[in-house]
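Here is the structure we will look at.
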Amino acid sequence: MLKRETDERGGTCLEEEMEGRLILALRKIALMGGMHDYISISSRELGEALGMSQQSASKRILELLGQGWIVRDLGARRQRIKLTDKGMEALRREYSEYQRVFETRDHVLVHGEVVTGMGEGQYYVNQEGYQEQFLSLLGFKPYEGTLNVRVLQTDVHKLALLQGVKGIRIKGFERNGRTFGDVLCHPADIQNIECAVVVPTRSHYEDIIEIICKYHLRRTLGLKDGDVVEVRIHID
């Protein structure tokens, strides 16, 4: 029985173990300065930092290259290494896991500046196919348009927490030959006013979040571009 269970799960366990080793090496490279610029480092030096042999460190570098988490420049004297965007994202995922363990319970606080959007939010929010679901699933019918908030750089990493949260799915639909995709909603509040952060399922969590509410938030809270707001996003 034990052998069979090991055979069935061995592949996944080995993959997780390998990813853990790579994350450890990636984190060490980032701490050495490889997050934003190339660093000159030999396999021996990386091995010493990781407590392993030069040969093992050299293999780890090759594995990181294979994952696309780092790029390498083989100069005339020493190799130079830098994290890629994919490598940064891997570290952010790891960081968000630790945040969920140590820092969050049922919500995450995000601070950002109010900005003027392109008007697309108003067009989508007003679609009847969405409006009915907003009322049914969120408990309110949104005011026309969205409040756009550019998350401060100190808080952008917190948005990664939303990637592991199920959220409330607003199903897409077709209308007049046009397809409207699914939308994920995360219940939230601003100054105790109930609202929700909306994110198209095909979109990435970048530094701009769109917020819907039954009230005109700018008018209700007296907000203008540049004002900083605190958004409490519920993640339970």
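Here the condition is being under 17 Å from residue 116 (Cβ atoms) and charged (D, E, K, R); of 175, 232, 169, 150, it holds for 150 alone. Based on this model, can you work out whether residue 214 counts as within 13 Å of residue 109 (Cα to Cα) and not aliphatic (A, V, I, L, M)? No: the conditions fail for residue 214.
Let's see how each residue does on (1) under 24 Å from the mean Cα position of the chain (by Cα); (2) surrounded by 14 or more Cβ atoms within 10 Å (Cβ to Cβ); (3) under 21 Å from residue 89 (Cβ atoms):
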| residue | (1), (2), (3) |
| --- | --- |
| 111 | yes, yes, no |
| 118 | yes, no, no |
| 130 | no, yes, no |
| 144 | no, no, no |
| 148 | yes, yes, no |
| 181 | yes, no, no |
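For region 186-221, the set of residues classified as on the phi > 0 side of the Ramachandran plot and either modelled with pLDDT of 95 or more or in contact with a helix residue (DSSP H, G or I) (Cβ under 9 Å, 6 or more places away or on another chain) (or both) consists of 191 only. Has region 187-202 got any residue that is β-branched (Val, Ile, Thr), assigned to a loop (DSSP other than H, G, I, E, B) and within 27 Å of residue 88 (Cβ to Cβ)? Taking every residue of region 187-202 in turn, at least one turns out to be β-branched (Val, Ile, Thr), assigned to a loop (DSSP other than H, G, I, E, B) and within 27 Å of residue 88 (Cβ to Cβ).
Can you find a residue in region 5-18 that is modelled with pLDDT under 75, surrounded by 10 or more Cβ atoms within 10 Å (Cβ to Cβ) and among the basic types (Lys, Arg)? Checked region 5-18: at least one residue is modelled with pLDDT under 75, surrounded by 10 or more Cβ atoms within 10 Å (Cβ to Cβ) and among the basic types (Lys, Arg).
Scanning region 18-63 for residues that are of a type in the set (Ser, Thr, Tyr), over 17 Å from residue 86 (Cα atoms) and not in a helix (DSSP H, G or I) gives 40, 42, 53. Cβ separations smaller than 9 Å between residues 6+ apart or across chains give the following pairs from region 161-172 residues that are farther than 14 Å from residue 196 by Cα to residues that are of a type in the set (S, T, N, Q): 161/96; 161/99; 161/104; 163/96; 164/96; 171/133; 172/179; 172/201. Here residue 225 passes the criteria (1) over 20 Å from the mean Cα position of the chain (by Cα); (2) farther than 15 Å from residue 124 by Cα; (3) outside any loop (DSSP other than H, G, I, E, B) except the one numbered (3).
The values are calculated or read from the model by the stated rules, or taken from the named source; none is laboratory data. Values in this document were obtained by computation on a predicted structure and should not be read as measured data. Virtual Cβ from ideal backbone geometry, glycine too; neighbours counted across all protein chains shown.
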